[in-house]
Amino acid sequence: MNRGELLKLYKEMLVLRNFDEMCLNLKMEDLIMDGFHPYSGEEAIAVGVSSVLNKDDYVISNHRPQGHSIAKGSTTRAVFCEMLGRRGGVSQGIGGPMQWIDYENNFYCGSIVGSGMTIAAGVTMALKKEKEGRICVCYFGDGASNTGSFHEAMNLASIWKLPVLYILENNQYGEAMPAAEFVSVNPISKRGGSYGIEGITVDGNDVEAVYETVNTAVKKARTGIGPYFIECVTYRTRGHYGGDPEHTYRTREEVEEWKKKCPIKRVKVKLEAMGVSEMELDGINKEVIAGLESDKDWALEQRFPTLEEATDHVWIPSE
Ligand SMILES: Cc1ncc(C[n+]2csc(CCOP(=O)(O)OP(=O)(O)O)c2C)c(N)n1
Ligand SMILES: [Mg+2]
(Lines give C-alpha, C1' and ligand atoms only; values in the text may rest on other atoms or scores of the structure.)
(Ligands and ions follow the chains in the order given, each with its own letter.)
Protein backbone atom coordinates (compact mmCIF):
# COMPACT_ATOMS: atom_id res chain seq x y z
CA MET A 1 0.00 0.00 0.00
CA ASN A 2 1.17 3.51 -0.63
CA ARG A 3 1.54 6.15 2.03
CA GLY A 4 -1.87 7.76 1.42
CA GLU A 5 -3.74 4.44 1.57
CA LEU A 6 -1.91 3.37 4.71
CA LEU A 7 -2.53 6.73 6.41
CA LYS A 8 -6.25 6.33 5.76
CA LEU A 9 -6.36 2.88 7.38
CA TYR A 10 -4.18 4.13 10.25
CA LYS A 11 -6.66 6.90 11.01
CA GLU A 12 -9.62 4.51 10.80
CA MET A 13 -7.99 2.12 13.26
CA LEU A 14 -7.29 5.03 15.61
CA VAL A 15 -10.98 5.95 15.52
CA LEU A 16 -11.93 2.42 16.57
CA ARG A 17 -9.29 2.23 19.32
CA ASN A 18 -10.11 5.59 20.86
CA PHE A 19 -13.85 5.00 20.54
CA ASP A 20 -13.42 1.72 22.39
CA GLU A 21 -11.32 3.18 25.17
CA MET A 22 -13.88 5.96 25.69
CA CYS A 23 -16.70 3.41 25.84
CA LEU A 24 -14.78 1.39 28.39
CA ASN A 25 -14.63 4.50 30.60
CA LEU A 26 -18.36 5.13 30.06
CA LYS A 27 -19.02 1.54 31.09
CA MET A 28 -16.94 1.94 34.25
CA GLU A 29 -18.96 5.07 35.05
CA ASP A 30 -22.14 2.99 34.67
CA LEU A 31 -23.32 5.13 31.78
CA ILE A 32 -23.54 2.11 29.48
CA MET A 33 -26.28 0.01 30.99
CA ASP A 34 -25.85 -3.32 29.19
CA GLY A 35 -22.79 -5.49 28.45
CA PHE A 36 -19.99 -3.73 26.56
CA HIS A 37 -17.41 -5.91 24.80
CA PRO A 38 -14.19 -4.06 23.89
CA TYR A 39 -12.69 -4.45 20.40
CA SER A 40 -9.22 -3.07 21.29
CA GLY A 41 -6.48 -5.03 19.52
CA GLU A 42 -8.72 -6.35 16.74
CA GLU A 43 -9.09 -3.15 14.69
CA ALA A 44 -7.11 -4.32 11.64
CA ILE A 45 -9.86 -6.82 10.87
CA ALA A 46 -12.86 -4.49 10.72
CA VAL A 47 -10.85 -1.78 8.95
CA GLY A 48 -9.15 -4.16 6.49
CA VAL A 49 -12.43 -5.92 5.64
CA SER A 50 -14.56 -2.79 5.31
CA SER A 51 -12.08 -1.04 3.07
CA VAL A 52 -13.05 -3.60 0.42
CA LEU A 53 -16.82 -3.36 0.88
CA ASN A 54 -19.35 -1.12 -0.84
CA LYS A 55 -21.98 0.80 1.11
CA ASP A 56 -24.73 -1.45 -0.23
CA ASP A 57 -23.01 -4.69 0.79
CA TYR A 58 -24.27 -6.28 4.00
CA VAL A 59 -22.51 -6.91 7.31
CA ILE A 60 -23.82 -9.19 10.05
CA SER A 61 -21.97 -8.85 13.34
CA ASN A 62 -22.11 -10.22 16.88
CA HIS A 63 -21.92 -9.03 20.50
CA ARG A 64 -18.69 -7.07 19.78
CA PRO A 65 -20.08 -4.89 17.00
CA GLN A 66 -18.88 -1.30 17.45
CA GLY A 67 -15.70 -1.62 15.33
CA HIS A 68 -17.52 -3.51 12.57
CA SER A 69 -20.32 -0.95 12.49
CA ILE A 70 -18.16 2.18 12.47
CA ALA A 71 -15.84 0.68 9.84
CA LYS A 72 -18.91 -0.09 7.69
CA GLY A 73 -20.01 3.54 7.84
CA SER A 74 -22.07 4.08 11.02
CA THR A 75 -21.28 7.48 12.50
CA THR A 76 -19.45 7.55 15.82
CA ARG A 77 -22.15 9.92 17.13
CA ALA A 78 -24.88 7.40 16.42
CA VAL A 79 -22.90 4.49 17.87
CA PHE A 80 -22.04 6.47 21.03
CA CYS A 81 -25.76 7.21 21.42
CA GLU A 82 -26.70 3.56 20.97
CA MET A 83 -24.09 2.50 23.53
CA LEU A 84 -25.65 4.98 25.97
CA GLY A 85 -29.23 3.99 25.08
CA ARG A 86 -30.08 7.49 23.84
CA ARG A 87 -32.29 8.83 21.10
CA GLY A 88 -30.03 9.61 18.13
CA GLY A 89 -28.52 6.13 18.27
CA VAL A 90 -28.26 3.86 15.22
CA SER A 91 -31.37 2.10 16.54
CA GLN A 92 -32.74 5.16 18.38
CA GLY A 93 -31.33 3.92 21.69
CA ILE A 94 -33.61 0.91 21.98
CA GLY A 95 -31.04 -1.61 20.71
CA GLY A 96 -28.21 -1.02 23.18
CA PRO A 97 -24.52 -1.96 23.01
CA MET A 98 -24.90 -5.38 21.37
CA GLN A 99 -27.95 -5.36 19.15
CA TRP A 100 -28.58 -2.66 16.61
CA ILE A 101 -29.47 -2.20 13.01
CA ASP A 102 -28.05 0.56 10.83
CA TYR A 103 -30.33 0.37 7.80
CA GLU A 104 -28.46 3.06 5.93
CA ASN A 105 -25.28 1.00 6.02
CA ASN A 106 -26.87 -2.47 5.77
CA PHE A 107 -25.44 -3.37 9.16
CA TYR A 108 -26.99 -5.80 11.66
CA CYS A 109 -25.72 -7.24 14.94
CA GLY A 110 -27.00 -9.37 17.79
CA SER A 111 -25.86 -10.89 21.06
CA ILE A 112 -26.85 -14.53 20.53
CA VAL A 113 -23.52 -16.22 19.83
CA GLY A 114 -23.56 -18.00 16.45
CA SER A 115 -26.90 -16.59 15.33
CA GLY A 116 -25.44 -14.35 12.62
CA MET A 117 -24.14 -17.15 10.44
CA THR A 118 -27.48 -18.60 9.39
CA ILE A 119 -28.90 -15.08 9.02
CA ALA A 120 -26.01 -14.29 6.63
CA ALA A 121 -26.90 -17.41 4.64
CA GLY A 122 -30.47 -16.13 4.32
CA VAL A 123 -29.34 -12.62 3.35
CA THR A 124 -27.04 -14.00 0.65
CA MET A 125 -29.77 -16.27 -0.74
CA ALA A 126 -31.65 -13.06 -1.47
CA LEU A 127 -28.54 -11.28 -2.81
CA LYS A 128 -27.80 -14.18 -5.15
CA LYS A 129 -31.30 -13.97 -6.64
CA GLU A 130 -30.90 -10.23 -7.08
CA LYS A 131 -27.79 -10.81 -9.31
CA GLU A 132 -26.25 -7.38 -8.65
CA GLY A 133 -22.94 -8.61 -7.28
CA ARG A 134 -23.65 -7.56 -3.70
CA ILE A 135 -22.12 -9.67 -0.96
CA CYS A 136 -22.43 -10.15 2.80
CA VAL A 137 -19.70 -10.35 5.43
CA CYS A 138 -20.46 -12.23 8.64
CA TYR A 139 -18.15 -11.72 11.63
CA PHE A 140 -18.02 -14.28 14.40
CA GLY A 141 -15.61 -15.60 17.05
CA ASP A 142 -13.65 -18.76 17.77
CA GLY A 143 -16.29 -19.67 20.35
CA ALA A 144 -19.08 -19.27 17.78
CA SER A 145 -17.25 -21.66 15.44
CA ASN A 146 -18.42 -24.46 17.76
CA THR A 147 -22.12 -23.66 17.55
CA GLY A 148 -24.59 -25.68 15.51
CA SER A 149 -25.46 -22.72 13.31
CA PHE A 150 -21.83 -22.48 12.12
CA HIS A 151 -22.03 -25.99 10.66
CA GLU A 152 -25.52 -25.51 9.29
CA ALA A 153 -24.61 -22.19 7.65
CA MET A 154 -21.33 -23.44 6.16
CA ASN A 155 -23.13 -26.35 4.53
CA LEU A 156 -25.91 -24.18 3.10
CA ALA A 157 -23.44 -21.55 1.88
CA SER A 158 -21.45 -24.24 0.11
CA ILE A 159 -24.25 -26.14 -1.64
CA TRP A 160 -25.95 -22.92 -2.76
CA LYS A 161 -22.66 -21.11 -3.61
CA LEU A 162 -23.74 -18.09 -1.60
CA PRO A 163 -21.87 -14.75 -1.90
CA VAL A 164 -20.91 -14.71 1.77
CA LEU A 165 -17.57 -14.20 3.53
CA TYR A 166 -17.44 -15.79 6.93
CA ILE A 167 -14.83 -13.80 8.85
CA LEU A 168 -13.68 -15.57 11.99
CA GLU A 169 -12.01 -13.30 14.52
CA ASN A 170 -9.89 -15.79 16.40
CA ASN A 171 -9.03 -13.66 19.44
CA GLN A 172 -7.83 -16.75 21.37
CA TYR A 173 -10.67 -16.83 23.90
CA GLY A 174 -14.37 -17.52 24.24
CA GLU A 175 -15.11 -15.55 27.39
CA ALA A 176 -12.58 -16.98 29.90
CA MET A 177 -11.74 -20.18 28.04
CA PRO A 178 -8.72 -20.47 25.71
CA ALA A 179 -9.70 -21.48 22.16
CA ALA A 180 -6.88 -24.08 22.20
CA GLU A 181 -8.92 -25.98 24.81
CA PHE A 182 -12.27 -25.95 23.06
CA VAL A 183 -11.73 -26.06 19.30
CA SER A 184 -10.86 -29.44 17.80
CA VAL A 185 -8.64 -28.21 14.95
CA ASN A 186 -5.90 -25.66 14.45
CA PRO A 187 -6.09 -23.57 12.35
CA ILE A 188 -9.86 -23.32 12.62
CA SER A 189 -10.05 -22.42 8.91
CA LYS A 190 -9.43 -26.14 8.22
CA ARG A 191 -13.10 -26.62 9.02
CA GLY A 192 -13.95 -24.96 5.69
CA GLY A 193 -12.59 -28.02 3.86
CA SER A 194 -15.23 -30.27 5.46
CA TYR A 195 -17.86 -28.21 3.67
CA GLY A 196 -16.06 -27.68 0.36
CA ILE A 197 -15.33 -24.07 1.26
CA GLU A 198 -11.90 -22.50 0.83
CA GLY A 199 -10.55 -21.78 4.30
CA ILE A 200 -7.76 -19.24 4.69
CA THR A 201 -5.88 -18.17 7.84
CA VAL A 202 -4.39 -14.69 7.92
CA ASP A 203 -2.59 -12.51 10.48
CA GLY A 204 -5.51 -10.47 11.78
CA ASN A 205 -3.17 -7.86 13.27
CA ASP A 206 -1.79 -6.99 9.83
CA VAL A 207 -4.25 -4.63 8.17
CA GLU A 208 -2.59 -4.96 4.75
CA ALA A 209 -2.71 -8.77 4.87
CA VAL A 210 -6.40 -8.68 5.87
CA TYR A 211 -7.12 -6.21 3.06
CA GLU A 212 -5.29 -8.31 0.42
CA THR A 213 -6.95 -11.58 1.43
CA VAL A 214 -10.44 -10.15 1.68
CA ASN A 215 -10.07 -8.14 -1.52
CA THR A 216 -9.27 -11.28 -3.52
CA ALA A 217 -12.13 -13.21 -1.92
CA VAL A 218 -14.66 -10.38 -2.38
CA LYS A 219 -13.82 -9.99 -6.09
CA LYS A 220 -14.50 -13.68 -6.61
CA ALA A 221 -17.62 -13.74 -4.42
CA ARG A 222 -19.15 -10.91 -6.46
CA THR A 223 -18.91 -13.07 -9.57
CA GLY A 224 -20.48 -16.09 -7.91
CA ILE A 225 -17.27 -17.85 -6.84
CA GLY A 226 -17.51 -18.49 -3.15
CA PRO A 227 -18.31 -18.62 -0.27
CA TYR A 228 -15.11 -18.03 1.73
CA PHE A 229 -14.08 -18.76 5.27
CA ILE A 230 -11.32 -16.41 6.44
CA GLU A 231 -9.82 -16.86 9.88
CA CYS A 232 -8.09 -13.72 11.20
CA VAL A 233 -5.73 -14.52 14.05
CA THR A 234 -5.77 -11.76 16.64
CA TYR A 235 -6.08 -11.00 20.36
CA ARG A 236 -8.37 -8.84 22.44
CA THR A 237 -6.08 -6.75 24.59
CA ARG A 238 -8.95 -5.73 26.88
CA GLY A 239 -11.21 -8.03 28.88
CA HIS A 240 -14.10 -9.99 27.42
CA TYR A 241 -16.43 -7.34 28.79
CA GLY A 242 -15.96 -3.95 30.46
CA GLY A 243 -15.20 -4.89 34.08
CA ASP A 244 -13.76 -8.35 33.32
CA PRO A 245 -11.16 -9.15 36.07
CA GLU A 246 -9.06 -11.04 33.41
CA HIS A 247 -6.37 -12.24 35.83
CA THR A 248 -8.50 -15.32 36.56
CA TYR A 249 -7.76 -16.79 33.13
CA ARG A 250 -4.74 -15.07 31.56
CA THR A 251 -1.48 -13.51 32.67
CA ARG A 252 -0.41 -9.90 32.34
CA GLU A 253 2.71 -11.14 30.49
CA GLU A 254 0.58 -12.82 27.84
CA VAL A 255 -1.36 -9.60 27.24
CA GLU A 256 1.85 -7.55 27.08
CA GLU A 257 3.34 -9.97 24.50
CA TRP A 258 0.31 -9.47 22.25
CA LYS A 259 0.35 -5.71 22.74
CA LYS A 260 3.75 -5.75 21.01
CA LYS A 261 1.88 -6.99 17.93
CA CYS A 262 -0.61 -4.10 18.10
CA PRO A 263 -2.02 -3.55 14.59
CA ILE A 264 -1.91 0.23 14.98
CA LYS A 265 1.70 0.40 16.18
CA ARG A 266 2.64 -1.84 13.29
CA VAL A 267 1.28 0.59 10.71
CA LYS A 268 2.80 3.52 12.60
CA VAL A 269 6.28 1.98 12.32
CA LYS A 270 5.74 1.43 8.60
CA LEU A 271 4.53 4.98 8.02
CA GLU A 272 7.54 6.37 9.88
CA ALA A 273 9.81 4.30 7.63
CA MET A 274 7.99 5.88 4.66
CA GLY A 275 8.94 9.31 5.95
CA VAL A 276 5.81 10.38 7.85
CA SER A 277 6.90 12.31 10.92
CA GLU A 278 5.98 11.35 14.47
CA MET A 279 4.48 14.83 14.81
CA GLU A 280 2.11 14.25 11.89
CA LEU A 281 1.05 10.86 13.26
CA ASP A 282 0.44 12.28 16.73
CA GLY A 283 -1.51 15.10 15.14
CA ILE A 284 -3.85 12.58 13.49
CA ASN A 285 -4.44 10.91 16.84
CA LYS A 286 -5.18 14.22 18.55
CA GLU A 287 -7.62 15.16 15.80
CA VAL A 288 -9.38 11.78 16.13
CA ILE A 289 -9.67 12.13 19.92
CA ALA A 290 -11.04 15.69 19.69
CA GLY A 291 -13.72 14.58 17.19
CA LEU A 292 -14.73 11.63 19.36
CA GLU A 293 -14.86 13.73 22.54
CA SER A 294 -17.25 16.11 20.85
CA ASP A 295 -19.44 13.21 19.57
CA LYS A 296 -19.47 11.67 23.05
CA ASP A 297 -20.47 14.95 24.69
CA TRP A 298 -23.25 15.37 22.12
CA ALA A 299 -24.48 11.82 22.76
CA LEU A 300 -24.53 12.39 26.53
CA GLU A 301 -26.89 15.32 26.00
CA GLN A 302 -29.46 13.25 24.09
CA ARG A 303 -32.53 12.00 25.89
CA PHE A 304 -33.46 8.41 26.68
CA PRO A 305 -36.37 6.78 24.84
CA THR A 306 -39.65 6.94 26.69
CA LEU A 307 -41.32 3.78 27.95
CA GLU A 308 -43.83 4.00 25.09
CA GLU A 309 -41.06 4.39 22.49
CA ALA A 310 -39.27 1.33 23.85
CA THR A 311 -41.94 -0.90 22.31
CA ASP A 312 -42.29 1.05 19.04
CA HIS A 313 -40.75 -1.77 17.03
CA VAL A 314 -42.14 -4.71 18.98
CA TRP A 315 -44.74 -6.58 17.01
CA ILE A 316 -47.66 -7.63 19.16
CA PRO A 317 -50.39 -9.51 17.33
CA SER A 318 -53.87 -8.14 17.99
CA GLU A 319 -56.43 -10.49 19.51
C1 LIG B 1 -26.15 -18.60 22.49
C2 LIG B 1 -25.29 -17.89 23.48
N3 LIG B 1 -24.60 -18.59 24.40
C4 LIG B 1 -23.80 -17.96 25.30
C5 LIG B 1 -23.70 -16.59 25.28
C6 LIG B 1 -22.79 -15.88 26.29
N7 LIG B 1 -21.57 -15.40 25.58
C8 LIG B 1 -21.47 -14.11 25.21
S9 LIG B 1 -20.01 -13.83 24.41
C10 LIG B 1 -19.54 -15.42 24.56
C11 LIG B 1 -18.20 -15.88 24.03
C12 LIG B 1 -18.11 -15.84 22.55
O13 LIG B 1 -16.80 -16.14 22.17
P14 LIG B 1 -16.31 -15.89 20.71
O15 LIG B 1 -17.32 -16.42 19.75
O16 LIG B 1 -14.94 -16.41 20.60
O17 LIG B 1 -16.34 -14.30 20.55
P18 LIG B 1 -15.47 -13.22 21.36
O19 LIG B 1 -16.29 -12.83 22.56
O20 LIG B 1 -14.19 -13.82 21.74
O21 LIG B 1 -15.33 -12.08 20.40
C22 LIG B 1 -20.50 -16.17 25.23
C23 LIG B 1 -20.38 -17.61 25.52
C24 LIG B 1 -24.45 -15.88 24.32
N25 LIG B 1 -24.40 -14.55 24.25
N26 LIG B 1 -25.22 -16.55 23.40
MG1 LIG C 1 -13.13 -15.39 20.85
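For region 208-239, how many residues are within 16 Å of ligand 1 (Cβ to nearest atom), part of a strand (DSSP E or B) and hydroxyl-bearing (Ser, Thr, Tyr)? Final tally of qualifying residues: 0. Within region 107-126, residues that are within 22 Å of Lys55 (Cα to Cα) and within 16 Å of ligand 2 (Cβ to nearest atom) sit with their Cβ atoms under 7 Å from residues that are part of a helix (DSSP H, G or I) and polar (S, T, N, Q), at 6+ positions apart or across chains, in these pairs: Cys109/Ser69; Met117/Ser149.
Any idea which of Arg250, Arg238 is more than 18 Å from the chain's Cα centre (by Cα), at pLDDT 95 or above and of a type outside the set (A, V, I, L, M, F, W, C)?
Arg250
If Met154 passes every condition in (1) surrounded by fewer than 19 Cβ atoms within 10 Å (Cβ to Cβ); (2) farther than 30 Å from Pro245 by Cα; (3) within 21 Å of the chain's Cα centre (by Cα); (4) of a type in the set (A, V, I, L, M, F, W, C) but one, which one does it miss? Among (1) surrounded by fewer than 19 Cβ atoms within 10 Å (Cβ to Cβ); (2) farther than 30 Å from Pro245 by Cα; (3) within 21 Å of the chain's Cα centre (by Cα); (4) of a type in the set (A, V, I, L, M, F, W, C), the lone unmet condition for Met154 is (1). Of all residues being surrounded by fewer than 23 Cβ atoms within 10 Å (Cβ to Cβ) and hydrophobic (A, V, I, L, M, F, W, C) in region 15-31, which is nearest to Asn205 (Cα to Cα)? Just the residue, please. The qualifying residue nearest to Asn205 (Cα to Cα) is Val15.
Out of region 54-71, which residues are over 15 Å from Asp142 (Cα atoms), in contact with a strand residue (DSSP E or B) (Cβ under 8 Å, 6 or more places away or on another chain) and either assigned to a helix (DSSP H, G or I) or within 16 Å of ligand 2 (Cβ to nearest atom) (or both)? Pro65, His68, Ser69 - these are the residues of region 54-71 that are over 15 Å from Asp142 (Cα atoms), in contact with a strand residue (DSSP E or B) (Cβ under 8 Å, 6 or more places away or on another chain) and either assigned to a helix (DSSP H, G or I) or within 16 Å of ligand 2 (Cβ to nearest atom) (or both). Search region 98-124 for residues being in contact with a Ser or Thr (Cβ under 7 Å, 6 or more places away or on another chain) and either in a helix (DSSP H, G or I) or at positive phi (or both), and hand back the single one that is surrounded by the most Cβ atoms within 10 Å (Cβ to Cβ). In this case the residue turns out to be Gly116. Of all residues in region 245-273, exactly one satisfies the criterion of being among the charged types (D, E, K, R) and within 13 Å of ligand 2 (Cβ to nearest atom), namely Arg250. Against the numbered list (1) away from ligand 2 (no atom under 16 Å from the Cβ); (2) in a loop (DSSP other than H, G, I, E, B); (3) touching a residue at least 60 places away in the same chain (Cβ under 8 Å); (4) buried (at least 23 other Cβ atoms within 10 Å of the Cβ), Val90 comes up short only at (3). Just one of the numbered conditions (1) closer than 20 Å to Ala157 by Cα; (2) surrounded by fewer than 24 Cβ atoms within 10 Å (Cβ to Cβ); (3) within 16 Å of ligand 2 (Cβ to nearest atom) is not true of Lys129: (3). Among the residues making up region 240-272, those that are out of contact with any helix residue (DSSP H, G or I) (no Cβ under 9 Å at 6 or more places or on another chain) and assigned to a helix (DSSP H, G or I) are Arg252, Glu253, Glu254, Val255, Glu256, Glu257, Trp258, Val269.
The values are calculated or read from the model by the stated rules, or taken from the named source; none is laboratory data. These numbers come from a predicted model, not from an experiment. Note that we place each Cβ from the backbone using ideal geometry, even for glycine, and neighbour counts take in every protein chain shown.
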